[in-house]
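**Q** Here you go, one structure.
Readers should treat all values here as calculations from the given coordinates under stated rules, not as data from a laboratory. Small disclaimer: the values here were computed from a predicted structure and weren't measured. Every residue, glycine among them, receives a Cβ derived from its backbone with ideal geometry; neighbour counts consider all protein chains shown.
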Amino acid sequence: MAGEPARRAPFTGRTALARRTVLRAALAGAAAPGLASLLSACGGGSSTGSPSAGETIPAPDNPVRWPISDANEMIASGLTPERGSTLRIYNYASYLSPRFLKDFEEKYGVEIRLSTFNDADEALTKIASKELAFDVYFPSYDSLGRLVQAELLRPLNHDYLTNTGNLWPRLRDPWYDRGSRYTIPYTIYSTGIGWRTDMVQTDVAGMSNPYDVLWDTDYANNTAILDDWHTAMAMVLLRNGIFDINTTDPQHIAMVREQLLDMRHTMSPSVTIGMYTELPAGKYGLAQMWSGDAINLPYYMPDKASVDVLRFWFPEDGRGEVDNDLSVVLAQGKNPVAAHFFLNDLLDDKIAETNFGYTGYQPPLLQFTPEKLVADGYVPENLASAVVLEKDFDRGVPLLQLPAAADAAYHQVWQEFKAGG
Amino acid sequence: MAEAAGPRGTRWLWPLLALPGMVWIGLLFIAPLYVVLAILFGGVDPILRQPVPVWNPVDWDTTQFRYVWDHVVGPQPFFRAALVRTVVYVGLASLLCLLVAYPVAYFTARFAGRWKGPLLFALIAPFWISYMMRMLAWVNLLQADGLLNRTLSAGGLFDVHTHWLNGRPSTVVLGLVYGYVPYMILPLFAGLDRIPAATLEAARDLGASRWETFRRVTWPLSRPAVVVSLLVTSLPMLGDYFTNDLLSGSPNTSMIGNLINNSVLTPGQTGQAGAFVMLILLVSVIPMLIYVRSTRAGTDVQS
Amino acid sequence: MRGLFGWWRDPWRRPWGLLLVTVLYLAWSLLPVLVAALFSFNAGRSRTTWQGFSMRWYYGDPLRSVWHDASLHTALTHTLWLGVVATAVTIPLGVAMALGLDRWRGPLPAGANLAVLVSFVLPEILIAVSLLFVVTVLTTPLKLGTSGQVIGLVTYQLSYPVVIVRARLLTIGRDYEEAAVDLGASPFGAVRRVLLRMLVPAIFASAVLVFADVIDDFVIVRYLSGDSSTEPVSVKVYDTARAAPTPALNALTTLLLLASLLAVVIGFLAYRWFTRGEKEGRGLDVFTGEA
């Protein structure tokens, strides 16, 4: 057979890993555990769970400074992007302004090739293969630990990142990446519920538990939830007053499973990340939604006048999902210099404004006060609750990386949900 | 007509001609199935949970296989619904395809006359119109503010705002019919075309009504073609997932193709995708043997 | 007047019912595509409401038209390139295999024949997933991107020329070659100059069908695609249709439609030219030569 089959190594013959991880793999064994054994291994009651040996999980109360391995070197300072080279970017669809990309191409003479993914799992698989040599990637901190551990990231050379002073102070040295060794914040967003008053009669914001509206059979076949396992499942936990949305308690996970399946049977929701076009198109009237999508809704509404029907709700006490996405330079990329310039440009005030105008997701920059957004007319009054304020980060709950066993348990629930069984 | 293989002196030519293709099929169609097995019975790396194949059958680990098996026939069979749904949708869609394709093929074969060429061209047209374009066209029409609802609203008489694209099995089945019916028309036409007109005219001359002619002459003669076209249409449908993705955003209509698509790129679940692939292979084997036998029978009759 | 009852029972009357069904089928089959093509000329961003005529999505819009948006026109050129390369590999391989399998007897060719027929009807996702696994876990010349896609496509399409050419071979039979040999041709000359010439219509038919099928392919090219520069039109449509589709998508698919129409017309004209002077085998029967 052509090619060299890998012998019983934990990775393919093409990937070279540090010896540490090889040993760990040998200890962990090469089998995927079943759910029953997973849940029993999780143990009951513990709300933070215990990560397995070597798994570092950053949290607001557990800040992490990532190690820098010898495998991937920082680039030298003072270089400029090679004209005519290609910069490969890997991101969600509609998450980077085409205007900005065109301007970047002209400014530096590089060709930008933007590839898209539907969810972070798929992205991780493509990146792990290393074949596609992406330069820039936009993860969130729930996969940061794995990316660092698998040595997929290139440490950033801050000599190129002159614009970091524009950032909110709290994100300049964040808990998930002390020293900003590998990441730069990209956008901030919250997760709430968006709806159209012409298709939904209930005053969702006025309900005692607005999350319940997603189970209200009056709106069967008229709802959607996010096609992102952790975001959707966290919403179910929040509905039940469980604010530890990274819980490893098997009882909580079982409860989430039950309610998700119940929702699917009675409501038949769409499971998608296309809320920003589908809600305006009238495919459904009520959806779990990211705040950036909500802000983007008016642009996609067919008739400019009917923007007034749009609404967004986020918990008043601020205890909802609040996160920020990151931009990183991948070690496998062939154009790290251009990648650094790209990351730096994203922090530029004017460029961030252009980007925001297209994506609807706020950049965490000082110039960009959220209060200004509504006042200056970027965001209509009826969607004012979609704007993320800095104090929301104090009270909001972030989606963190889960320990391997819990991660598998959550994924299994999601798999059952998506299998339609 | 299996006589000596061609003019003398060329006996070694035929194996030589066939060999590159056979090597290709062996290396790139048959052998990769073993890779699928190696991944299904292999493991997962601990950090990124990418699949790690195990080549020696002695070392095969059945965990992933048992996981899929347990969730098809065990106490928590959450995969079973998708499998059953696949059989139901494909069966329904194939029958509907037949109901549509048979009259059209029959008309083209028997009554088209001078128009047979252009008609056949129009029937073949969907083959070179991208499947995606045809599905996209239907998504456009079926949207809440699309042409179908507007037509049904009859210019304001009614207010039809049906959500056709919100997880309706009927939309998915009709989508499958729309997508695959061209595949059925061609072999049906070929089979019906072969029925000599003289036979049918003879039946009519002998006093049979239209229905009796159909029931006792046309249908039995066209049965092999019907079997072949049913297989050629329904087997590829088994692996379809994109029709469901485009016409229904809901997991309530997911098919086995969706199970594969959801798991093949998800860390930790790639081996399960291998299990579903093997399941499709096994389920297709019997109809495939029927198909092979009918094509052999067909060619024997021809010569 | 025979009356309605007599008209209904007349076995020789014109088949209006069947004609109606056929016309309705053609309308159902082709009208949505025409509507989609129509909306590619929409002046606004909507794909459902007509907002005026414009060529904006073809070349007008400086950011999002097919001409200016690199991801869109790259998809188009990549699709056509895949079509050409995959067809160029499949046809010689398939025709040779058809000839060989037809004349060679034994268990090995019988097995190969079975494998070909099986690959003809198996769902595409099997080949796509198995080749994706090969690319992912083995170090081979196969890579995600054009090389992987071409190889996947050839594997999937190989059965087309084999089946079509073999069907043709059955109707041709051995007589012509033997007559040529009797008249003094060498055995190879007989094959080359007589048999192959007689197979040209079938070869052309299978080339056209393979090309049309390849540029339309979705499952295999999607799993084996690399970054966005190797995503063909079908994948682009699928991804964008679920995100934020604009009429540029309709424009892209309309352009692909024109390209495949052109290919089919060229193929058909070439086929007619090659079979000029022949009385039989000029019809479209050869396209339906498969069982």
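**Q** What ranking of B:LYS116, A:LYS107 emerges when the number of other C-beta atoms within 10 Å of each C-beta is taken as an exposure proxy, fewest first?
**A** Values: B:LYS116 18, A:LYS107 11.
Final ranking by Cβ density, sparse to dense: A:LYS107, B:LYS116.
**Q** Just going by the charge dipole of the protein assembly as shown, with Lys and Arg at +1 and Asp and Glu at -1 on Cβ, which of C:THR146, A:ASN222, B:ALA144 is farthest out on the positive end?
**A** C:THR146
**Q** Would you list which lysines come within 30 Å of A:LYS283, measuring only between C-alpha atoms, while excluding same-chain residues fewer than 8 positions from it?
**A** A:LYS304, A:LYS418, C:LYS236
**Q** For chain A, modelled as a Gaussian network with Cα springs under 10 Å, which listed residue fluctuates most, A:HIS252, A:HIS265, A:HIS340?
**A** A:HIS265
**Q** Calculate the length of the line joining the C-alpha centroid of the range C:143-205 to that of the range C:108-130, in whole Å.
**A** Between the Cα centre of the range C:143-205 and that of the range C:108-130, the gap is 19 Å.
**Q** Compute the whole-percent fraction of alpha carbon pairs in the range B:60-147 spaced more than 15 Å apart. Don't skip to the end; give the middle numbers.
**A** Values: 2966 of 3828 pairs.
Summing the P(r) tail past 15 Å for the range B:60-147 gives 77 percent.
**Q** Given H placed 1.01 Å from N in the peptide plane, which residues other than close sequence neighbours of B:GLY43 have an amide H under 5 Å from its amide H?
**A** Residues meeting the amide H criterion: B:VAL52, B:VAL54.
**Q** In terms of the Cα gyration tensor, with a ≥ b ≥ c the square roots of its eigenvalues, is the range B:16-164 rounded because a/c is under 1.5, prolate because a/b exceeds b/c, or oblate? Don't jump to the answer; show the numbers that get you there.
**A** Numbers: a/c = 2.68, a/b = 1.50, b/c = 1.78.
Because a/c hits 1.5 or more and a/b fails to exceed b/c, the range B:16-164 counts as oblate.
**Q** Oh, and also: Quantify how strongly other chains surround peptide C:229-242 by giving the mean number of their Cβ atoms within 10 Å of each of its Cβ atoms.
**A** 5
**Q** Report the net charge of residues surrounding C:MET55, where surrounding means a beta-carbon distance below 14 angstrom and charges are Lys +1, Arg +1, Asp -1, Glu -1. List each step's numbers first, then the result.
**A** On the way: positive: C:ARG56, C:ARG64; negative: C:ASP61.
Here the charged neighbours net out to +1.
**Q** Compute the relative contact order of chain B as a whole-number percentage, counting only Cα pairs closer than 8 Å that sit 6 or more residues apart in sequence.
**A** Worked out over chain B, it gives 23 percent.
**Q** For the range A:216-359, what class follows from the C-alpha gyration tensor (a ≥ b ≥ c being the square roots of its eigenvalues): rounded when a/c is under 1.5, otherwise prolate if a/b is larger than b/c, else oblate?
**A** Because a/c hits 1.5 or more and a/b fails to exceed b/c, the range A:216-359 counts as oblate.
**Q** Hey, another quick one. Below 14 Å, Cα to Cα, which aspartates and glutamates can A:LYS350 reach? Residues fewer than 8 away in the same chain don't count.
**A** Here the aspartates and glutamates satisfying the reach criterion relative to A:LYS350 are A:ASP103.
**Q** With 10 angstrom as the radius, rank A:SER306, B:SER284 by how many other C-beta atoms surround their C-beta, starting from the fewest. Don't skip to the end; give the middle numbers.
**A** Numbers: A:SER306 14, B:SER284 22.
Fewest-to-most ranking of A:SER306, B:SER284: A:SER306, B:SER284.
**Q** Hey, what do the phi angles of the range A:361-375 turn into as Karplus ³J(HN,Hα) couplings, whole Hz, using 6.51/-1.76/1.60 and θ = phi - 60°, x for Gly and Pro?
**A** Per-residue couplings from phi come out as 9, 6, x, x, 10, 4, 4, 9, 5, x, 4, 5, 4, 6, 4 Hz.
**Q** Answer with one residue from A:PHE104, B:GLY167, A:ALA339: the one whose Cα lies farthest towards the positive end of the charge dipole of the protein assembly as shown, charges on Cβ with Lys, Arg +1 and Asp, Glu -1.
**A** Sorting the options by dipole projection puts first B:GLY167.
**Q** Is the shape of chain A best called rounded, prolate or oblate, per the rule: a/c under 1.5 gives rounded, else a/b larger than b/c gives prolate, else oblate, with a ≥ b ≥ c the square roots of the Cα gyration tensor eigenvalues?
**A** Working: a/c = 1.73, a/b = 1.13, b/c = 1.53.
Oblate.
**Q** Would you mind pulling out the separation of the Cα centroids of the range A:99-166 and the range B:191-252, in Å?
**A** The range A:99-166 and the range B:191-252 have Cα centres separated by 53 Å.
**Q** Under unit Cβ charges (Lys, Arg +1; Asp, Glu -1), what dipole magnitude, rounded to 20 debye, does the range C:71-288 have relative to its Cα centre?
**A** For the range C:71-288, the charge dipole is close to 280 debye.
**Q** Cross-link partners among lysines for A:LYS130, C-alpha distance below 20 Å, same-chain residues fewer than 8 apart left out?
**A** List returned: A:LYS334, C:LYS143.
**Q** Determine the dipole magnitude for the protein assembly as shown: charges of +1 sit on the beta-carbon of Lys and Arg, -1 on that of Asp and Glu, nothing else is charged, the reference point is the Cα centre, and the result goes in debye to the nearest 20.
**A** The calculation lands at about 4120 debye.
**Q** Highest first, please rank the peptides C:79-85, C:139-145, B:101-107 by the mean number of other Cβ atoms sitting within 10 Å of their residues.
**A** Per-residue mean Cβ counts within 10 Å order the peptides as B:101-107, C:79-85, C:139-145.
**Q** Let me ask you something else. Please rank C:SER46, A:SER77, fewest neighbouring Cβ atoms within 10 Å first, as an exposure proxy.
**A** So the residues, fewest neighbours to most, are A:SER77, C:SER46.
**Q** Nearest 20 debye, what's the magnitude of the dipole of the range B:179-276 about its Cα centre given +1 on Lys and Arg Cβ and -1 on Asp and Glu Cβ?
**A** Approximately 300 debye in magnitude.
**Q** Something else now. With unit charges on the beta carbon (Lys/Arg positive, Asp/Glu negative), name the residue among A:LEU297, A:LEU114, A:LEU260 whose Cα is farthest towards the positive pole of the charge dipole of chain A.
**A** Ranked along the dipole, the leading option is A:LEU114.
**Q** Another one. Quick one: which residues, 5+ away or cross-chain, put their amide H under 5 Å from the amide H of A:SER327? H built at 1.01 Å from N.
**A** Placed amide hydrogens put A:ILE184, A:TYR186 under 5 Å from A:SER327.
**Q** In whole angstrom, how far apart do the alpha carbon centroids of the range B:51-80 and the range A:213-277 sit?
**A** The range B:51-80 and the range A:213-277 have Cα centres separated by 28 Å.
**Q** Further question on the same structure: Each residue of the range C:216-225 in order: what ³J(HN,Hα) in whole Hz does its phi give by Karplus 6.51 cos²θ - 1.76 cosθ + 1.60, θ = phi - 60°, with x for Gly and Pro?
**A** Using θ = phi - 60°, the values come out as 9, 5, 10, 4, 5, 5, 6, 5, 9, 7 Hz.
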